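The values are calculated or read from the model by the stated rules, or taken from the named source; none is laboratory data. Note that the coordinates shown come from a computational prediction; the quantities given were computed from them, not determined experimentally. All Cβ positions, even for glycine, are placed from backbone atoms using ideal geometry, and neighbour counts span all protein chains on display. Accessible surface areas use protein heavy atoms only, side chains included; no ligands, DNA or RNA. Shrake-Rupley method; radii C 1.70, N 1.55, O 1.52, S 1.80 Å.
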Amino acid sequence: MTPSHSQLISRAVRRGLRNRCPHCGQGRLFSGWSHSERCPICGLVFVRNPGDTWAFTIIGDRLPIAAIIVLIYFGVMRSHRVLGLTMVIILVALLIWTAPNRWGAGIALHYLSRVYWPDPAEPIPPPHETDLGGEADRRVEE
């Protein structure tokens, strides 16, 4: 059973946001704050070469954060210092709290680029036998 493109994309990104392997949905992407090298369940290598996920991290993570900081600083901070400082503190707390989820989404997007533009030197494991129709996603508890 081959999922459609939209199902594959949404499943992989959803798994990445939950810090799970974008391929099988069961293995963890991180051990604490450390990035795992490969999935212990399906064997997918998350980042084969250092820097493979930089584009996804910069476009999907750093640029929106920079835009929010600029908007807070130039939009609110100049006229309402206390409100602007409060917003900056809340933003920093949210950035720290959601960092692994955002990094997981970057790894999932990198995985999708490998699925759609495969490299013969970097094979992706076959689908996990328990991953039919997203059943593994529903079973995994956070």
For the stretch 28-75, the count of residues that are open to solvent by 30 Å² or more (accessible area, probe 1.4 Å), β-branched (V, I, T) and more than 23 Å from S113 (Cβ to Cβ) equals 3
Among (1) part of a helix (DSSP H, G or I); (2) crowded, with 22+ Cβ neighbours inside 10 Å, there is one condition G25 misses while meeting the rest; what is its number?
(1)
Considering (1) within 27 Å of E122 (Cβ to Cβ); (2) open to solvent by less than 100 Å² (accessible area, probe 1.4 Å); (3) out of contact with any Ser or Thr (no Cβ under 7 Å at 6 or more places or on another chain); (4) in contact (Cβ under 8 Å) with a residue 24 or more places away in the chain, say which one R14 fails and leave the rest.
(2)
With respect to the numbered conditions (1) buried (at least 18 other Cβ atoms within 10 Å of the Cβ); (2) farther than 25 Å from P123 by Cα, which one is the sole condition not fulfilled by A93?
(1)
Checked the stretch 110-128 for anything in contact with a Pro (Cβ under 9 Å, 6 or more places away or on another chain) and closer than 18 Å to R28 by Cβ; matches are H110, Y111
State which residue is nearest to R102 (Cα to Cα) when the search covers only the stretch 1-11 and only residues that are open to solvent by 70 Å² or more (accessible area, probe 1.4 Å) and among the aliphatic types (A, V, I, L, M).
I9
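Inside the stretch 17-42, can you point out the residues that are small (G, A, S) and touching a residue at least 40 places away in the same chain (Cβ under 8 Å)? Give the steps one after another, and end with the answer.
Taking the stretch 17-42 and keeping what is small (G, A, S), we get 25, 27, 31-32, 34, 36.
Correct list: G25 only.
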